[in-house]
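Structure record follows, encoded as structure tokens.
What follows is calculated from the coordinates using simple rules that are stated; it is not laboratory data. Here the structure is a predicted model, which is why all the values come from computation and not from measurement. Cβ: placed from backbone, ideal geometry, glycine included. Neighbour counts: every protein chain shown.
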Amino acid sequence: MSYTAYLRSIKNKLQRTGKTQKSLRIKPIIEQFGYQRRSQSFIDDFNTALDELGLCANPRLDLHILLDTKIAISIKGVEPINQVAESESISAKLTEAISVKHDFFYYLFDFES
């Protein structure tokens, strides 16, 4: 699989699943592109392929980034979902009262003794 096909598969997966980004470590990306080490030619190829496919990386790949660093690949123009607001709505739903038909203890204990 060529590197453009690899990045195209990431883009297709983002579009198919509706996720806003895919996080990957630098080292597997380098290996996928067929390079042994991080070099300026790899960085140029990677950034050019991202631009051609309408993708972007955060943080942008350069020579000084560590190999264990995760970068988030996303489609240009697609803003990440505000996870704080999403978690607030979930916690608000969790604090709502739950209605039950019978007393909770009725099912847990046998009071006929």
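Converting phi to 3J(HN,Hα) with the Karplus coefficients 6.51, -1.76 and 1.60 and the offset θ = phi - 60°, segment 66-74 yields 6, 5, 8, 5, 8, 10, 9, 9, 9 Hz in sequence order, with x at every glycine or proline. Phi angles across segment 54-64 convert, under the Karplus curve 6.51 cos²θ - 1.76 cosθ + 1.60 with θ = phi - 60°, into 3J(HN,Hα) values of x, 10, 9, 10, 10, x, 5, 6, 8, 5, 9 Hz, Gly and Pro given as x. Label separation (Thr17 vs Asp62): 2.9 nm, computed from points 7 Å beyond Cα along the C-beta direction.
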